[in-house]
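A short worksheet on the structure shown next.
The values are calculated or read from the model by the stated rules, or taken from the named source; none is laboratory data. Everything numeric in this text was worked out from a predicted model, so none of it was measured. Every residue, glycine among them, receives a Cβ derived from its backbone with ideal geometry; neighbour counts consider all protein chains shown. With ligands, DNA and RNA removed, areas are computed over all heavy atoms of the protein, side chains included. Shrake-Rupley method; radii C 1.70, N 1.55, O 1.52, S 1.80 Å.
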Amino acid sequence: MRPPDIADSTKQEREQYIKNTFACRGDCDYCGICQVYRGKEPAAIYNEYIEGKKSFQEITEKYRR
């Protein structure tokens with residue numbers, strides 16, 4: 001599923017997308033989300049996306065470096 005576009009979604013829809021996409025799976029060796037985001041909560045990382053200030057892609061690219 002693609003992230004909701006900022007122009008076509010509500011804050012709640014974007015927040016729910018982040019919660020669903022990055023839900024803790026309880027198996028860090030298998031998942032790796034914590035390593036990618038350097039131990040930070042995805043909701044905090046994607047806060048500017050949730051608030052409609054930056055696109056999902058802009059934030060994701062920052063963490064791919």
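A compact table of results
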| quantity | calculated |
| --- | --- |
| Hits in the range 1-31 (condition: modelled with pLDDT of 95 or more and of a type in the set (Phe, Trp, Tyr)) | TYR17 |
| Qualifying residues in the range 13-28 (those that are surrounded by 13 or more Cβ atoms within 10 Å (Cβ to Cβ) and hydrophobic (A, V, I, L, M, F, W, C)) - the one nearest to LYS53 (Cα to Cα) | ILE18 |
| Whichever residue in the range 32-57 is outside any loop (DSSP other than H, G, I, E, B) and among the polar types (S, T, N, Q) and, among such residues, is most open to solvent (accessible area, probe 1.4 Å) | GLN35 |
| Any hit, the range 2-12, residues being surrounded by 10 or more Cβ atoms within 10 Å (Cβ to Cβ) and touching an Asp or Glu at 6+ places or on another chain (Cβ under 9 Å) | yes |
| Failed criterion for GLY52 (all others in (1) modelled with pLDDT of 85 or more; (2) on the phi < 0 side of the Ramachandran plot hold) | (2) |
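So that you can scan it fast, the table gives a plain yes or no per residue for (1) under 13 Å from the mean Cα position of the chain (by Cα); (2) hydroxyl-bearing (Ser, Thr, Tyr); (3) in a helix (DSSP H, G or I):
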site: ALA7; (1), (2), (3): no, no, yes
site: ARG14; (1), (2), (3): yes, no, yes
site: TYR30; (1), (2), (3): no, yes, yes
site: ILE59; (1), (2), (3): yes, no, yes
